[in-house]
Each structure stands twice: as structure tokens, then as C-alpha cells.
1. Give the residue from LEU336, ILE11, THR115 lying farthest towards the positive end of the charge dipole for the chain; charges sit on Cβ (+1 for Lys and Arg, -1 for Asp and Glu) and the dipole is referred to the Cα centre.
2. If you average over every viewing direction, what projected area does the convex hull of the Cα atoms of region 257-340 give, in nm²?
3. So what's the chain giving for Rg/Rh, alpha carbon basis, Kirkwood Rh from the mean inverse pair distance?
4. In nm, give the distance between the simple-model label positions of VAL271 and MET164, each being 7 Å from the Cα along the Cα-to-Cβ direction.
5. How big is the gap, in Å, between the Cα center of region 286-300 and the Cα center of region 130-150?
6. Can you give me the Kirkwood hydrodynamic radius for region 58-97, using every pair of distinct Cα atoms, in Å to one decimal?
7. Roughly how many debye, to the nearest 20, is the charge dipole of region 257-340 about its Cα centre, given +1 on each Lys and Arg Cβ, -1 on each Asp and Glu Cβ, and no other charges?
8. When the helices in the chain are scored as -39500 (n - 2.57) per DSSP H run of 4 or longer and the sum is shared across all residues, what 222 nm value do you end up with, to the nearest 500 deg cm²/dmol?
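Here, each number is a calculation from the coordinates, and none is a lab measurement. For clarity, every value in this text was computed on a predicted model and none was experimentally measured. So basically every Cβ, Gly included, is an ideal-geometry build from the backbone, and we count neighbours across all protein chains shown.
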Amino acid sequence: MNNDQALFPFIRIVGQDNMKKALILNIIDPGIGGVLIKGEKGTAKSTAVRALSRVLPPRKVVKNCIFRCDFDNQDRMCPYCRERLENSEKLEPEMTSMRVVELPLSATEDRVAGTLNLEHVLKTGEKKFEPGVLAQANGNILYVDEVNLLDDHLVDLLLDSAAMGVNYVEREGVSFSHPAKFILIGTMNPEEGDIRPQLLDRFGLSVCVKSEGDTQQKMEVVRRRLLFDSNPEKYVAEFEQETDKLCCKIIQAKKIVDTIVTDDDILKMIVTLTSHFEIGGHRADITLMKAAKANAAFEGRKVVEKKDIICTANLALSHRMRKRPFEDSELDEEELDKCLQNL
């Protein structure tokens, strides 16, 4: 049994529609900025993230590159690939699947960012870089479970790299940088401590997940899990066609997302919402626009509509709202509809 066959199928997760939508939208447009999933234990947070491996689209990368550089984007290639190009060496393409790279909580900064071998530099004059987790994550999903328990300086490092798409390492005056463009996904249990507000705002989308309260839904959760545990390989194979169908839908959405059309009416709806809910800065406006476009692409439309804003607003704005102690950070749906009613 391979690793994918040991993972519960993404399409068979009961409920949790907002969580699944937030994850899919980020795959369609990694520029959305990742997602933070908050919820108590047993709400399928980790299950959903790891299950993404089965629906992630393929990538065209440079063959034999340790950073898996994007073959079609020479401007964002690593120093090694650029050197090969400068020496008139022909780079070969290779298709590979995106994957989920997990960051252990115990990871050190060197393990995350990678290290420079200074002894090799002094002896040969050539830089020798030992890749870290960020190198593995390039072009992939970087998953941090219990992100609220990760050291703040490591979270800062991850968010900076995710925003810039580059990992920069400097040791004793010697520096090295390589592409580190990834989708950052964090999960956490609020009962174990919260995350700093300034870090929370850096996540593109956020979703709060709760245990299923409906009796029938809870029964279905248990039923599906027991069937999977009894024979994982058979269960995965049974839903392989549906899984492939979702993967194809995501691939198609990625192809058209940059062509999605918006107009000033849509932009006005977005800035009206962020102003109404007193959300400062422009990050929320930009993120909501990207999420709405990705949602339209996922539904196979080429134009953003009001419903795209309505179904993504809570994901993009809820964690950026000012809230009182013990108050849930959720947008009031009636207030949301009323705000957009005459637009």
C-alpha cells in the first residue's frame, strides 16, 4: 500500500464544506495566501489537509533540480538552474505531482530554512547549500499542524517565505537564496492557545470547524471511517473516479483563473464589505477578490458574480474582524446580505 492509499479520500469527508472550499481555492490560486484551520480535536482538520495529496494537480519542473524549479519560469529559478542556463546547458522538463510537505513542531530554524556549508565555501570558494523544509515545499503545500505552538520566529520565517516566494539564508556574510513558493496551511486547536493577531492576518483565508451536531451526519462520519479502516485500499479504489473528477476540475480551474473577468461593481461590493466590517488595510480586499475569482473558476464561470463574494467573504474576512473577548469571529450572514443588498 502506498502513502496515498493510506489516506482517507478527500471527497468522503462529511460536511466541513467551508474547510474543503478554502483548501481547494488555495490550490487553484496559491496567491490567496494559504489557510488557517481552527477547531477542536477530531474535526477532520489533519485528515482533510493530508487527503489533498490525491487531488493535487501535476507540475512541470526542471529535471534533477533539488528545488524542483518551475520549468516555465526562468526568472524564479534557483542559482544552480540559472548557472546551467548561463553555461548554455539545456534544461529538461519533468512532470511531477504536487505534494503535502509536513513541518514537525520540533524543527529548528536550520532544518526549516536550510544551511550553508561554510567550510566548503572557504575551501573551494563555491557555495554549498544543504536544503531544508522550505526547499522541499517549493511548488507544494507546506502543512504545519498545531501552528499556534510553533515558535514565533519560525512562523515569521514561513509567512515571509510564502509571501515573497523566496527563502534567503545568510551565514557569516555568505548568502544564498532559492525559490520557496508554497501554499501554507496551518491547523490548530484554540483550546491549546491562540495565534498572534499580526500572524493571523497574514493567512489568506481562515475557517473555524466544529464537530458535526446532526445525528445522521455523525453516524455517517463513523460509518465511513469504519469502512475505510477495515480495508483502506478497497475504500480508496471505490472512490477513485470521483477523486480524479475533482482533480480534473481543479486543473481546469487553474487554467482559467487568471482570465476571470471582474468589474467595478464587484470591486465596489468588496470594498463596501471591508469598510462595513471595519477591516483596515488592503490585504483583505485583495484576498477576497482572489478568492472570489478562484471560486468562479472552480464553478467553470469566466466572470465573478455576487454569489462568489458571498460564499468566500467569511473565509477571507472573519479572522480580520475586530472582536470582543469570547466572541466568535464569524460574519453575520444576514448582515452580509443586507450590506450587499442594493449593490
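1. Final value for the positive-end residue is ILE11.
2. Quarter of the Cα hull surface area: 5.3 nm².
3. 0.98
4. Once both label points are built, they end up 3.0 nm from each other.
5. 25
6. Numbers: mean 1/r = 0.1002 Å⁻¹.
Averaging 1/r across every pair of different Cα atoms and inverting gives 10.0 Å.
7. 300
8. -13000 deg cm²/dmol
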